[in-house]
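The values are calculated or read from the model by the stated rules, or taken from the named source; none is laboratory data. For clarity, every value in this text was computed on a predicted model and none was experimentally measured. Counting neighbours? That spans all protein chains shown, and the Cβs are built from the backbone with ideal geometry, glycine included.
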Amino acid sequence: MKNFFSLKLYKEGLSQLRLMGFLTSFALIAAAVVVPVIAVLTFGVRSIDTDALATVTLFIFAYAWVAPLVLSFTLFSFLNSRRKSDFYHALPVKRTALFGSFTAAVLTWTIITALLALIVSTAVYASLGVMVLTSALTYLGAILPAIIFATSAAVFAQALSGTRFTSIVIYVLFIALPPLLKALFAEGVTSSVPSIPPGEVFQLGTNLFYTAYSWVDVSVQNILYTLAYAAVFFAAAAVFFLRRRSEVAGSSAISAWVQWLCRIALGFLTLVFLYFAYSFIFGAAQWVIVSAVVTTLVLLAFELISTRRIKNIVNVLPALAASALSLVAFITLVWGVAHFEARFSPQPSQIQSFTISNVDEFMMPATDQQMARLLQFQRDKTPISDDQLAQLLVAQLDEVNQTPSWGIVRWDSSNFDNGSWTITTDFNITLQNGQTKLRRIPVGTVTDSFSDDDMNWSQDVSFNALGEALAHYGGVRP
Amino acid sequence: MLRATNLSKHFDGTAALHDLNCSIPEGVVYGLVGSNGAGKSTLLRLAAGIFAPGTGQMTLDDAAIFENTAAKERIILVPDELYFLSQSSLNRMAQLYARCFPHFSRPRYEALVKLFQLDPNKAIRTFSKGMKRQSAILLALACEPRYLLLDEAFDGLDPLMRDVVRKIIARDVSERGTTIVISSHSLRELEDTCDNFALLHKGSLLFENPKADLLQQAPDGLEALFVQKLEAAGYRFDDALEEVYAA
C-alpha cells in the first residue's frame, strides 16, 4: 500500500492546495448560496420548478471542468521545472506513492467542495421552503464521476508533458477527441446505413463529464462507464509518471514519440473540426486549401510555443501529412464499417426472432390493452417469431438499405416544409446463427396539413404493411 | 559505501557521464572536482536517486539507489539550483522535510536555525542568495543524513558562513560518521576540507585518490596537479588563446 499512497505526502498535497482550493471552493459555495436565494426572490417558492437545482449544478458542472485541471496543475507543477522536479524526485518516496498521494489530494479537494456546494444549496433551498434532496442525490451521481474523470485526464496529460502549455493541449485533446471521433464515426456510419439508429453506434455508455449538468443521463451504466474511462486514464497516467525521466521537466513532452503523437492528434483534431465546420460551405478543393493552411498555422504555433525552438518548424509539414493520413485512415475505417453493416440483409428464413426496442411516439395503440401489450413487448424484450412479420421486416430493411439518403432526408428541412416525416420502430433482429443487429425501420408516415377553412392543423398517419402487421403485437393505429 | 559501477548517463544523445567507476567510503569528506560540464552535478543527482542510470549502476551498500526509499532516506542532496515551495518560510519547508524524511530532527533544526541566525517565519523568497543557501544546508543537516551531497556548497556564502559550514561538516564527519560529498569548480574551496578527491572531465573520472596520496605526487600543490591532469586530458587553451590574439 505504501508503494501507492503515503499519508504524509497526501497531507502535504492538501496543504499545498490550500490557496487554490479555497479560492475555487469559495467561488462555488458562494454560488451555491446566492443562486437559490436569487431564484426564490425572483420567481417565488411556488413558481420554482421541481428541478430547482439545475442552475446551481451548472456552476458545479463548470467547477468539475475547471477545478481538477487547476488543482492538479498546481500540485504537479514540479513536472514542468527541472529544479522542482529534482527536489520531488529526491524525496525518499516511491514515484507511484507521490503520484497516488497527490492525485488523492486533488480528488479530495474537488469532491469535498462539490459535495459541500450541493449540501449548502440543498440546505438553502430547504430553508426557503423548496425541497430538492432527491434531485441533489441524482446530480451527485453525475458530478462525482465527472470530477473523477476530469482529474484523471488532467493528471494523465501532465504525466505525458513537461510544460504547462503542452499539458493543456494534451488535456484538450483527451477531452475533445474521443467524443468528436465517436460522433463523427456514428454520423458517418448512420449516414451511409440509415437503418442503424443514430446514437446506437458505441452503445457502451455516456461519459457523464460531458452531461454532468443534467440528470437525464445519470444511470448505473453511465456512472460505471465514466469511472472505467477514468480508471484507464489513471492507470496510464501512473505508468507514464513512473517511467518518465526526471530530466524531461521543462521539455515539451516526455519523449519524441509523445511529441509526434501530440502534433498528429492536434492536426487531426483541427482537420476534423474544419471538416465539420466548413465542408458544407466550401467545395472539396477549397476545403483542402483552407484546412491545409489553418492546420499548418495551428501546428506551427504549437511547435513554437511548446518547444521554443525555431528549428523544430521542420516537423510541421510531416505532421500535417501524418494528420491528413490519419483522417484518410479514419474515413476509410468509417467507410469499411458502414459497408460491413450495410451487408446485413438476411433472408426471412434466417431470422430466428426479433424484439421491439424503441417505438415512435406515433405508434400509439388504439386501446389500453394494446398499449399494455406493446409496452410489455418493448420492456421485456419479448422475442417475436413470426414468418409473415419477418418477411415484411426484411422487405422494409432492403428498401431502406437501397435508399441511403433516407437517413438524411428524414431531417431535411424541405421534408418538414412538406409537413411529412417517417414513423420508425427499432428492431433487435436475431439470426439463426446467433448474430444480433439493431435496425431502425420505417413503419409509416405522418403528414401535417393545414385547413384554411377551420384554421387548424391536422395530422394524417398512415402505416405501411409492416406497421399494419405490428398491430397484432400491440396495435399501431392512432 | 556509495559506488558507481560502469555508470553512464546521456541527455539528448550527449554523454554526461561515460563508463564511470568510483567508490565513496563512509565517514569521509569527498571532493568532486572538475571542469565545467564534467558531469559532477549529474553524478550527484544519480547518487541522490533523482536520475535513473543510463547504463551501469549507482549503489548504496550494493543496493541500487533509484526508487529505493530506504537508501534515499539517508541521502540528501543540496543542489546548485535551490528549490523552496513558493511563499514558504523555513518552518513550512521544515514541515515538508519532516513529512518526507523519517530521521528529520526538530531539535537539531531549531539549533541550526539559531546558529545560522535566520528568521524561520519569514518567506524564503525574501532571503538573499547566501541565506537561501544557508536555508537549504540547514534543512539538509536537520534530516541527519548518512550521505550529504553538496553541489557548489559554498556558492553565495560569505567567508564567515563558509567557515561555519566547514566546521559543521568536520564535526558531522567526526562525531556522526556522516559522509559528505562536495562538488566544486574551485579546488581552493575544497583543499582544506576534503579527505578524498575525484577529478572528473567530460563525463569520465581522471583519478580518485586520498588527499595524502595526492600530496605526495604534488610538490607544487593540488591545484597544479589537477591542472596538469586536465591538460593531459586535452583540456588546454593556450594555443586557442594565442589564435584569439593573433586574429
Exercise. Which ones in the stretch B:67-96 are under 22 Å from B:Met131 (Cβ atoms) and part of a helix (DSSP H, G or I)?
Worked result: B:Leu90, B:Asn91, B:Arg92, B:Met93, B:Ala94, B:Gln95, B:Leu96
Exercise. If you go through the stretch B:56-74 one residue at a time, do you hit one that is touching a Pro at 6+ places or on another chain (Cβ under 8 Å), within 14 Å of chain A (Cβ to nearest Cβ) and either under 14 Å from B:Leu205 (Cα atoms) or in contact (Cβ under 8 Å) with a residue 40 or more places away in the chain (or both)?
Worked result: yes
Exercise. In the stretch B:170-184, is there at least one residue being part of a helix (DSSP H, G or I), touching a residue at least 40 places away in the same chain (Cβ under 8 Å) and over 20 Å from B:Leu44 (Cβ atoms)?
Worked result: yes
Exercise. If a residue has to be aliphatic (A, V, I, L, M) and within 17 Å of A:Ala90 (Cα to Cα) to count, how many in the stretch B:102-137 make the cut?
Worked result: 2
Problem set entry | Restricting the stretch A:28-46 to residues that are surrounded by fewer than 17 Cβ atoms within 10 Å (Cβ to Cβ) and part of a helix (DSSP H, G or I), the residue that is nearest to the other protein chains (Cβ to nearest Cβ) | A:Ala30
Exercise. From the list A:Ser25, A:Ser101, A:Ser72, which residue is within 14 Å of chain B (Cβ to nearest Cβ), part of a helix (DSSP H, G or I) and either hydroxyl-bearing (Ser, Thr, Tyr) or surrounded by fewer than 23 Cβ atoms within 10 Å (Cβ to Cβ) (or both)?
Worked result: A:Ser101
Problem set entry | Residue count for the stretch B:143-169, restricted to those that are surrounded by 15 or more Cβ atoms within 10 Å (Cβ to Cβ) and assigned to a helix (DSSP H, G or I) | 7
Exercise. So A:Ser127 clears everything in (1) buried (at least 21 other Cβ atoms within 10 Å of the Cβ); (2) over 28 Å from A:Val258 (Cβ atoms) except one condition, right? Which one?
Worked result: (1)
Exercise. Within the group A:Leu128, A:Leu118, which residue is more than 14 Å from chain B (Cβ to nearest Cβ) and within 24 Å of the chain's Cα centre (by Cα)?
Worked result: A:Leu118
For this session: Report whether or not A:Ala67 is in a loop (DSSP other than H, G, I, E, B) and more than 14 Å from chain B (Cβ to nearest Cβ).
Result: no
Problem set entry | Checklist (1) more than 22 Å from the chain's Cα centre (by Cα); (2) away from chain A (no Cβ under 14 Å); (3) buried (at least 18 other Cβ atoms within 10 Å of the Cβ); (4) in a helix (DSSP H, G or I) applied to B:Arg99, failing item | (2)
Problem set entry | Boolean, A:Gln158 is more than 30 Å from A:Leu397 (Cα to Cα), among the polar types (S, T, N, Q) and not assigned by TED's automatic domain parsing to the domain that holds A:Leu107 | no
For this session: Output the residue which, of all residues in the stretch B:76-96 that are touching a Phe, Trp or Tyr at 6+ places or on another chain (Cβ under 8 Å) and more than 8 Å from chain A (Cβ to nearest Cβ), is nearest to A:Leu19 (Cα to Cα).
Result: B:Met93
Exercise. Does B:Ala140 satisfy the criteria of being buried (at least 18 other Cβ atoms within 10 Å of the Cβ), at pLDDT 95 or above and under 24 Å from B:Thr178 (Cα atoms)?
Worked result: yes
Exercise. Any idea which residue in the stretch B:187-234 is nearest to B:Leu20 (Cα to Cα), counting only those that are at pLDDT below 85, part of a loop (DSSP other than H, G, I, E, B) and hydrophobic (A, V, I, L, M, F, W, C)?
Worked result: B:Ala233
Problem set entry | Hits in the stretch B:11-34 (condition: within 29 Å of A:Gly250 (Cβ to Cβ) and touching a residue at least 60 places away in the same chain (Cβ under 8 Å)) | B:Ala15, B:Ala16, B:Leu17, B:His18, B:Asp19, B:Leu20, B:Cys22, B:Leu32, B:Val33, B:Gly34
Exercise. Inside the stretch B:27-55, can you point out the residues that are assigned to a loop (DSSP other than H, G, I, E, B), more than 10 Å from chain A (Cβ to nearest Cβ), surrounded by 24 or more Cβ atoms within 10 Å (Cβ to Cβ) and not hydrophobic (A, V, I, L, M, F, W, C)?
Worked result: B:Gly39
